[in-house]
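Q: Quick one: the structure is below, questions incoming.
The values are calculated or read from the model by the stated rules, or taken from the named source; none is laboratory data. None of these values were measured; they are calculated from a predicted model. Glycine gets a Cβ as well: all are built from the backbone with ideal geometry, and neighbour counts include every protein chain shown. Protein only, heavy atoms only, side chains kept; ligands, DNA and RNA dropped before computing areas. Shrake-Rupley method; radii C 1.70, N 1.55, O 1.52, S 1.80 Å.
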Amino acid sequence: MLDLKFIREHPDIVKAGVAKKHDQPDIDAILSLDTQRREIIREVEALKAERNKVSTEIGKKKKAGESAEEAVAAMRQVGEKIAECDTQLREIEQKLQHALSWVPNLPHESAPVGFDESDNVIVRQWGEKPQPDFKVLPHWEIGEKLGILDLAAGAKVSGSGFYVLRGLGARLQRALINYMLDLHTADGYVEHVVPYIVTAETMFGTGQLPKLGDDMYHIEEDDMYLIPTAEVPVTNLYKKEILDFKQLPVYMVAHTPCFRREAGAAGKDTRGMLRVHQFDKVELVKIVRPETSYDELEDLVKQAEKVLQGLQLPYRVCNLATGDLSFAAAKCYDLELWAAGVERWLEISSVSNFEDFQARRMNCRFRDEDKKVTFPHTLNGSGVALARLVAAILENYQRADGTVTVPEVLRPYMDGVEKIG
RNA sequence: GGAGAGGUGGCUGAGUGGUCGAAAGCGGCGGUCUCGAAAACCGUUGUACCCUCGCAGGUACCCAGGGUUCGAAUCCCUGCCUCUCCGCCA
């Protein structure tokens, strides 16, 4: 959520910012509602001040045994007027809140202005694409051959878009999870186990609601949502809190499944495990002082890169164009992993700075050295997403004889197994 | 799921429908004292919004939302959460 005061004082900046994101919320409507709101507040507060004053006097008179009929009658009328104004005010504030909740975060100046992903800027690339002298099979083929990936079984149980890992395939995923959690916790991120089902309010806090409601699984009976990312429960751990500045920065990590309806993605990546309704992810979340957030963002990207470097997987870092930024993000780097079988760069991590956008929605604040209460900045990054990572390993570590080498860092997590098949 | 109890400021905990944003204690902060610290003493100690250049004002908030009333932390209704007991269950 943007600061209403900021919108009021800098409507042109806001309009230009949302335009860069190719969104068109009605900023003028917000400004007009804000004006109306303040007018009514002034009116109703003056009435309330009067009522409070006179009511106190009535109390005193009654105590003294005097009659106060006139004042009571007058205040009854004032009370009616107050009720009217309050109703009006509530309506306006609801409208304002609604309008405000649909305004995206503004992009940071260092995000390249552009329409979509084709305008993303490649910042750096790490590692060499493997140059195999044989035909590398896509992960779904090698996975099925080795008996470690069963897409048909996933479809049988849950329909398309679900996968089953078996034997060393399942073991490989578990090894990856442990490897990543160990890596991050060693660097100071505190491990968490969090709920996978959250309330609508929680979804609002990180900005998934109201705009992205269609992409999530909703449990109607309880009005609860399956999390699309651990970012949601982990960041919201701090909603409605006032932190002490000494508690910052907060570094957290959690492994969770992620559930996505992928509405609107029909027909894309239908094969394999590149776009599925459920996948696991290790997520990093930071809550930091505003003035440090862009340094923290760079560090967070490096933290995610560390995972891929450890696995010796070639990747590149992209600075997302404004038009490709998500609703809540001010700046975002994507990590894209090269997959030798499908011969594509796979988006495997998204590392974003939300500035105070989420904090304001969650009402998470901190008290600084001068006791001033302000919003911290929140960041998160995948460290990293699993299904695609497993896919990329099956492809990049594939050998001509149809076996797959286990990346060295994972062997301690797999009883020393060096290859699958 | 059933029965009961309860939700008050950072914490503990008081609060007859009127002067209560709320006693008291603890904690925190500032000061006096001290070489320094502890103790003691004094002072201070919520958030949001409206208004103002600032000072000063004003409004709201005692889990949340409604209601009764001239006036609600206090009375009524609904919801949520916590605790205890029972049932069910990994």
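Q: If you stretched the chain out fully between A:H192 and A:D368, how much longer would it get, using 0.36 nm times the residue separation minus the C-alpha to C-alpha distance?
A: Numbers: separation 176, 0.36 × 176 = 63.36 nm, distance 2.61 nm.
Full-extension gain reported as 60.8 nm.
Q: Could I ask something else about it? Rank these by accessible area, largest first, 1.4 Å probe: A:V285, A:V123, A:V164.
A: On the way: A:V285 0, A:V123 70, A:V164 45 Å².
Most to least solvent-accessible, the answer reads A:V123, A:V164, A:V285.
Q: Then there is this: What does the charge add up to near A:D187, with Lys and Arg as +1, Asp and Glu as -1, over the other residues with Cβ less than 15 Å from its Cβ?
A: So the environment of A:D187 carries a net charge of -4.
Q: Quick one: how many Å² of A:S160 are accessible to a 1.4 Å probe, rounded to 10?
A: 90 Å²
Q: Count the net charge of all other residues whose Cβ sits under 14 Å from the Cβ of A:V78, scoring Lys and Arg as +1 and Asp and Glu as -1. Kindly include the intermediate steps, with their values, before the conclusion.
A: Details: positive: A:K48, A:R51, A:K53, A:R76, A:K81; negative: A:E43, A:E45, A:E50, A:E57, A:E70, A:E80, A:E84, A:D86.
Around A:V78, the charge tally is -3.
Q: For A:E395, A:E355, give me the order by solvent-accessible area with a 1.4 Å probe, most accessible first, ignoring ligands, DNA and RNA. Before the final figure, lay out the partial values.
A: Working: A:E395 0, A:E355 40 Å².
In descending accessible area the options line up as A:E355, A:E395.
Q: A further question on this structure: Starting from the eigenvalues of the Cα gyration tensor, five times each then square-rooted, give me the equivalent ellipsoid semi-axes of chain A, largest first, whole Å.
A: Details: eigenvalues 542, 92, 84 Å².
The answer is 52, 22, 21 Å, longest axis first.
Q: Would you check the accessible area of A:T292, probe 1.4 Å, heavy atoms only, in square angstrom rounded to 10?
A: 50 Å²
Q: Obtain the nm distance between the two label points defined at A:K61 and A:Q94 by a simple spin-label model: each point lies 7 Å from its Cα along the Cα-to-C-beta direction.
A: Result for the modelled spin labels: 3.7 nm.
Q: Sticking with this structure for a sec: Over the Cα atoms of the range A:258-380, what Rg and Dmax result, in angstrom?
A: Just the Cα atoms of the range A:258-380 yield Rg and Dmax of 16.8, 56 Å.
Q: Further, regarding this structure: Share of Cα-Cα pairs in the range A:277-320 beyond 13 Å, in percent?
A: Details: 624 of 946 pairs.
More than 13 Å apart: 66 percent of the Cα pairs in the range A:277-320.
Q: Show me the three semi-axes of the equivalent ellipsoid for the range A:4-101, from the C-alpha gyration tensor (sqrt of 5 times each eigenvalue), largest first, rounded to whole Å. It would help to have the intermediate numbers written out before the result.
A: On the way: eigenvalues 374, 25, 13 Å².
After diagonalising the Cα gyration tensor, the semi-axes are 43, 11, 8 Å.
Q: Probe radius 1.4 Å, ligands and nucleic acids ignored: give me the carbon and sulfur share of the accessible area of chain A as a rounded percent.
A: On the way: 9810 of 20300 Å².
C and S fraction of accessible area: 48 percent.
Q: Measure up A:K15/A:K240; A:K95/A:K246; A:K21/A:K281; A:K211/A:K240; A:K63/A:K372; A:K145/A:K211 against 32 Å on the Cα-Cα distance and list the ones that go over. Don't jump to the answer; show the numbers that get you there.
A: Working: A:K15/A:K240 29 Å; A:K95/A:K246 37 Å; A:K21/A:K281 27 Å; A:K211/A:K240 22 Å; A:K63/A:K372 43 Å; A:K145/A:K211 41 Å.
Listed pairs above 32 Å: A:K95/A:K246; A:K63/A:K372; A:K145/A:K211.
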